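S.K.: What follows is a structure written as structure tokens; I'll ask about it next.
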Amino acid sequence: MSQSKNPKDLMFNLFAIALVLIFSGIAVAYYIDSLEQSEAKPPSLNDNEILITKIISGQKLLIPATWFKYNEERQAEFVDYTELVFILPLIENSPNIEIQVTIAPERLNIPSAKLLDDVYLHQFLPDQINSPKGLIGKPLKTMVGNIEENVFYDPFSANPFVAKCMDKIVKETSMRCIRTVQISEQLSATYSFEYEALLGWRNFDMEAQNWLDKIAGI
């Protein structure tokens, strides 16, 4: 016949379990607190950032927590895409410029340089518009309502810088531009930014790459 457990042993076990739960709760609280603190910090290239795991198109990425455009994006691990924010020093003696970045499977996006040859060249209107130094600006045939779209591109590069910009929808805002590049065999990055960033287009890809290099897994 088995003996019943000593009440003292039972109390000790319950006490030990309670301690484990308490310390686990404290650890979780500290982790959540660290995330909340990072919410208040702007994205940066610091090496001491908390890293969040994202798996996109089978590729595992470790991304600094302050880079996510939306706080809720820090939760899920397996995602179809993720939206980030980079702060790029594009123009000398001017404030750094915020660039929104969507990392997605490469198969879902066509690089802007390829679109230039395959699509945009066939949609250009005869006119040429004012553009940042070194770029050619061409309006596209209107495809959506009365919204004007323009393409700005470097005509002298084998792999040209290309960005498509949509005319301002709200009068007080700037044109919004997008540029897509392939960043790995599986992934692409689509940059969204205001027209003023094109003034520093020669530095754009180099500065963006400095941020991409901080994402482990690319």
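The values are calculated or read from the model by the stated rules, or taken from the named source; none is laboratory data. Note that this is a predicted model, so its numbers are computed, not measured. Don't worry about glycine lacking a Cβ; one is built from the backbone with ideal geometry, like all the others, and counts go over all protein chains shown.
S.K.: If I ask for residues that are under 13 Å from residue 53 (Cα atoms) and hydrophobic (A, V, I, L, M, F, W, C), which ones from region 71-103 would you list?
M.R.: 76, 78, 79
S.K.: Checking the conditions here, which among 147, 91, 110, 87 is of a type outside the set (D, E, K, R), free of Cβ contacts under 8 Å to residues at least 60 places away in the same chain and in a loop (DSSP other than H, G, I, E, B)?
M.R.: Checking each option against the conditions leaves just 147.
S.K.: If a residue must be modelled with pLDDT of 95 or more and out of contact with any strand residue (DSSP E or B) (no Cβ under 8 Å at 6 or more places or on another chain), how many such residues does region 185-218 contain?
M.R.: Number of matching residues: 6.
S.K.: Whether any residue in region 130-137 is in a helix (DSSP H, G or I), farther than 25 Å from residue 81 by Cα and either of a type outside the set (A, V, I, L, M) or out of contact with any Gly (no Cβ under 8 Å at 6 or more places or on another chain) (or both) is what I want to check.
M.R.: No, region 130-137 contains no residue that is in a helix (DSSP H, G or I), farther than 25 Å from residue 81 by Cα and either of a type outside the set (A, V, I, L, M) or out of contact with any Gly (no Cβ under 8 Å at 6 or more places or on another chain) (or both).
S.K.: What do you reckon, is residue 54 modelled with pLDDT of 95 or more, loosely packed, with under 14 Cβ neighbours inside 10 Å and either in a helix (DSSP H, G or I) or under 16 Å from the mean Cα position of the chain (by Cα) (or both)?
M.R.: No: the conditions fail for residue 54.
S.K.: Name the single residue that is surrounded by the most Cβ atoms within 10 Å (Cβ to Cβ) among those in region 57-74 being assigned to a helix (DSSP H, G or I) and under 12 Å from the mean Cα position of the chain (by Cα).
M.R.: Result: 67.
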